[in-house]
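The values are calculated or read from the model by the stated rules, or taken from the named source; none is laboratory data. As the structure is a prediction and not an experimental result, all values here were calculated from the model. Cβ atoms come from the backbone with ideal geometry, glycine included; neighbour counts cover every protein chain shown.
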Amino acid sequence: MDQLHYKSATELAALIRRKKVSALEVLDHFLARIEKHNGKLNAIVWMDRDKARKRAKAADAALKKGKRLGPLHGVPMTIKESFQVAGSPTTWGVPAMKDNVTQTTAVLAQRMIGAGVTLFGKTNVPILLADWQSYNAIYGTTNNPWDASRTPGGSSGGSSAALAAGLTGIEAGSDIGSSIRNPAHYCGVFGHKPTYGLITPRGQALPGGVAPSDISVVGPLARSAQDLEVALDIMAGPDPDDGGYLKVALPKCDKTALKQFRIAVKFTDPASEVDGEYADQLQALADKLAKAGAKVKEAAPAIDTARLYDVYIRMLRAATSARMSDSDIDDIRRAVAEGETDEFVARTLDGVTMPHRRWLQLNNERHQMRLAFNAFFEDYDILLCPVAASAAFPHDHSHEGKRWRRRIPANGKRVAPTDQLFWAGYSGLVYLPSTVGPAGLTRSGLPVGYQAITAQGRDKTSLAFAKLVEKTFGGFTPPPGYD
């Protein structure tokens, strides 16, 4: 069972299917690792061991009868705490919701269970999923396996930390402000932000929440690009309550070699300076891609990126405003009235208070940008970008509720962490899919990831690219100390 915990989900499923190991043995292996390592990480915050062991036994019994539950038969899985799973707490880190135990299960979770996973636990999040750190008063702080003094990212920080430390087989998260992509980048794993609307988010919500949010998506995190594709195929599809008239038919990618890809690279922007240690790894990847025969060129859509970022922050804050209390909004009003000069705060206030007519105007502008991106992807297959401004930064829980007042290091300077949201919005605002995969380690020994953006609905293209990058140059590397 050596290194069983670092095998991909598809590898685990194959081992179980060939009866090289049982589903129960695999689950117990992961549970033993959680006992050993989760104490210093605090990635997994809730488990139902008994129910999971019963499900693993049922998976083994089914296999003995020749029945295969699905492509992920017997694979142990955890899921972001914000997804409803019957019998589990779903709090989003909000102290007032600490006793909220849901009796329903999110559609995405149901689909993964239907594909054979043994769902056994939930992973940590920041309060209201609103930080690139994962801590709250209910569950405490999650640490990065590469350096416990640093954040694993957010809001799917527990998800990525659990994967990197080999505590789970596969994961799922949500992403409105890089909450899948950022943790994957910080922890050195894979994540996929799907095309908007491709996967129903039903059940990734607090009580009473049924309407999908603008910009926000749900999707997979894993230790391999192949796992992302398998999981995406399982997860994809409309809400079952939509009447059955909507179908998913993702275009396949016919490219089988990196030399067939037309790759545009954009590694910096005035809105968000990228730290040199990170940029060096992205450039090294671009150089290797060119050497492998890919057509690599510095290029980007002809869009005013300052305006894109401005629109994104306003629409992002509008999209998340329903989660906010009246007192939270009053705090923002007060900050602006008292002379807060940070532009992020002004955009936030506009976003949470704008009339619907103004939102419609910004939405039209957003769709103009979306069409410009679609036109750009007639000439390119992939737009290769950073995920954030730097590698994982040290824990900083100061200025609670006022992230813009914190500072992170980049190129020897102290910059606002909210500036990195540019790289979240670059594809997020315009509904585009993007895949994050490992790009290497910085000189400081921290993992960093690339963001491969592609055209709307062309999820299979960025996933094919990620699979080829992994095969050609390498993918997930375990953090030291978790063998």
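Against the criterion of being part of a helix (DSSP H, G or I), basic (Lys, Arg), over 29 Å from residue 152 (Cβ atoms) and modelled with pLDDT of 95 or more, residue 54 qualifies.
So if I check each of 104, 123, 151, which one is among the β-branched types (Val, Ile, Thr) and touching a Gly at 6+ places or on another chain (Cβ under 6 Å)?
123
Screening 203, 208, 116, 166 for residues that are assigned to a loop (DSSP other than H, G, I, E, B), more than 25 Å from residue 251 (Cα to Cα) and at pLDDT below 95 leaves exactly one candidate, 208. Of all residues in the range 124-146, those that are on the phi > 0 side of the Ramachandran plot and touching a residue at least 60 places away in the same chain (Cβ under 8 Å) have Cβ atoms under 8 Å from Cβ atoms of residues that are buried (at least 22 other Cβ atoms within 10 Å of the Cβ) and part of a loop (DSSP other than H, G, I, E, B), 6 or more apart or on another chain, in 128/92; 128/93; 140/124.
Can you say whether residue 408 is buried (at least 21 other Cβ atoms within 10 Å of the Cβ), within 30 Å of residue 324 (Cβ to Cβ) and touching a Leu at 6+ places or on another chain (Cβ under 7 Å), as far as the supplied structure shows? Taking the combined requirement at face value, the residue does not satisfy it.
Applying the condition of being acidic (Asp, Glu) and either closer than 23 Å to residue 136 by Cα or not in a loop (DSSP other than H, G, I, E, B) (or both) to the range 376-408 and asking which residue is modelled with the lowest pLDDT yields 400. Here residue 418 fulfils each of the conditions (1) of a type in the set (S, T, N, Q); (2) part of a helix (DSSP H, G or I); (3) under 18 Å from the mean Cα position of the chain (by Cα); (4) over 17 Å from residue 309 (Cα atoms) apart from (4).
The set of residues in the range 241-268 that are surrounded by fewer than 17 Cβ atoms within 10 Å (Cβ to Cβ), in contact (Cβ under 8 Å) with a residue 60 or more places away in the chain and in contact with a Lys or Arg (Cβ under 8 Å, 6 or more places away or on another chain) comprises 251, 252, 262. Of all residue pairs spaced 6 or more apart or on separate chains, those with beta-carbon atoms under 8 Å, a first member in the range 204-215 that is free of Cβ contacts under 8 Å to residues at least 60 places away in the same chain and a second member that is among the hydroxyl-bearing types (Ser, Thr, Tyr) are 212/200.
Across the range 304-317, not a single residue is classified as part of a loop (DSSP other than H, G, I, E, B) and β-branched (Val, Ile, Thr). Would you check if there is a residue in the range 218-238 being at pLDDT below 95 and either within 20 Å of the chain's Cα centre (by Cα) or farther than 21 Å from residue 170 by Cα (or both)? Within the range 218-238, one or more residues are at pLDDT below 95 and either within 20 Å of the chain's Cα centre (by Cα) or farther than 21 Å from residue 170 by Cα (or both).
When the residues of the range 152-168 are filtered to those that are touching a residue at least 60 places away in the same chain (Cβ under 8 Å) and farther than 15 Å from residue 38 by Cα, the one that is farthest from the chain's Cα centre (by Cα) is 153. The conditions of being part of a helix (DSSP H, G or I), under 18 Å from residue 222 (Cβ atoms), of a type in the set (Lys, Arg) and modelled with pLDDT of 95 or more are met by residue 33.
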